[in-house]
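The values are calculated or read from the model by the stated rules, or taken from the named source; none is laboratory data. All figures in this text were calculated on a predicted structure; none of them were measured in a lab. Heads up, the Cβs are rebuilt from the backbone with ideal geometry, glycines too, and the neighbour counts pull from every protein chain shown.
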Amino acid sequence: MIEDKARLQGRLTLEPDTLWFKVKHCTKHGIESGALQSIPTDSEFLETQGMRFLVRILSNLVRKQKAKQSEADKTRKSGQEFNPFLPYDRDLFVTDISPTHVCLLNKFNVVDYHLLLVTREFEDQEMLLTLADFEAMWGCLQQFDGLGFYNGGKEAGASQRHKHLQLVPLPIASDGPKIPLEEAIASATVVDGIGTIAAFPFDCAVTFFEPDLFNDPLAAAQITLQSYLKLLATVGLKPEKMSPKQAGPYNLLMTRDWMMIVPRSQENFESISINSLAFAGSLFVRNSQEMQRLKEVGPLKILETVGRSPQS
């Protein structure tokens, strides 16, 4: 046991059993300093084909839109793309995770305690995930139950080029299962460790973890990295030999129990932006017009459109 702890601490600088306290403390500080600018929402559930989707309507995007304009102005003046993570806002800093990653609060969060796991040095969001990325994710998942995700490229909903994984605590909604589409994901048919989900009209692949894997983040990261590469190959995104860049845009979602990859064909459905959380059953719309359009088309059809048709 002592040997295991020493091995863990050698690669993860995140102190044991401290993350949730630090998240809440930093959130309080972020609100008081004005650095954390949460976006208020209203929400409702939509039922379709036996699945229940949580849809949040964003009430006020003015501050985020102003920030985006400010970033664009800075990029134009400097001639270099603005990077909010180099340097990051110290008022949003939660904790060090490892020699390669820090944990920050998402400045414009819609979900409470939304975390960003950001590389200390610049890496592009279209680079493949690495062992260090999965070590950072599992180091956090060991300390609280959450849904981790990664928007692999602009077409997958990434809004910043600097590599960052994301993590939100579970449950996503106070009513129903911890994750809206968890039952559908759990219904996957698994062959040779890779599952397919007949209920989903878009291409995806899922793998399931041993129940206590999260208790050993470094071992979990090794296993997850191999599973990640296998999932990418399964959905036709096998990277070129020796290339650190992904073969195409995709969303990755993972919990303590499973990991899923969904290849993407486009970022938006009309004006509705779709990121990883949509494939867990959590969607966001900017106004009542987008909500009405979502209801007309149906969330599954929207996911099918921005995803990719299942491979024959």
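Observations on the structure shown:
- Phe269 vs. criteria touching a residue at least 40 places away in the same chain (Cβ under 8 Å), among the aromatic types (Phe, Trp, Tyr) and buried (at least 20 other Cβ atoms within 10 Å of the Cβ): no
- Residue list for region 180-231, filter: farther than 17 Å from Leu300 by Cα, in contact with an Asp or Glu (Cβ under 7 Å, 6 or more places away or on another chain) and hydrophobic (A, V, I, L, M, F, W, C): Phe208, Phe209, Leu218, Ala221
- A count restricted to region 222-255 and to residues that are in contact with a Lys or Arg (Cβ under 9 Å, 6 or more places away or on another chain), of a type in the set (Gly, Ala, Ser) and under 20 Å from Gly146 (Cβ atoms) stands at 0.
- One residue alone among Pro171, Pro177 is in contact with an Asp or Glu (Cβ under 8 Å, 6 or more places away or on another chain) and farther than 18 Å from Leu232 by Cα, and that residue is Pro177.
- Residue check: Gln49 meets all listed conditions (1) modelled with pLDDT of 95 or more; (2) among the polar types (S, T, N, Q); (3) at positive phi but one, namely (1).
- In region 198-214, the residues that are without any contact (Cβ under 8 Å) to a residue 12 or more places away in the chain reach residues that are assigned to a strand (DSSP E or B) with C-beta atoms within less than 8 angstrom, at least six apart or across chains, in these pairs: Ala198/Thr189.
- When region 143-160 is filtered for residues that are under 19 Å from Leu14 (Cα atoms) and either crowded, with 20+ Cβ neighbours inside 10 Å or in contact with a helix residue (DSSP H, G or I) (Cβ under 6 Å, 6 or more places away or on another chain) (or both), the ones remaining, listed by number, are Gln143, Phe144, Gly146, Leu147, Gly148.
- Filtered by the rule that a residue be in a strand (DSSP E or B) and over 21 Å from Ser265 (Cβ atoms), region 151-166 gives His162, His164, Leu165, Gln166.
- Asp175 fulfils the conditions (1) more than 25 Å from Lys241 (Cα to Cα); (2) free of Cβ contacts under 8 Å to residues at least 12 places away in the same chain; (3) over 18 Å from the mean Cα position of the chain (by Cα) except for a single criterion, (2).
- Residue that is modelled with the lowest pLDDT, among those in region 273-301 that are surrounded by fewer than 21 Cβ atoms within 10 Å (Cβ to Cβ) and within 18 Å of Ala158 (Cα to Cα): Arg286
- Any hit, region 119-128, residues being touching a residue at least 12 places away in the same chain (Cβ under 8 Å), buried (at least 20 other Cβ atoms within 10 Å of the Cβ), at negative phi and of a type in the set (A, V, I, L, M, F, W, C): no
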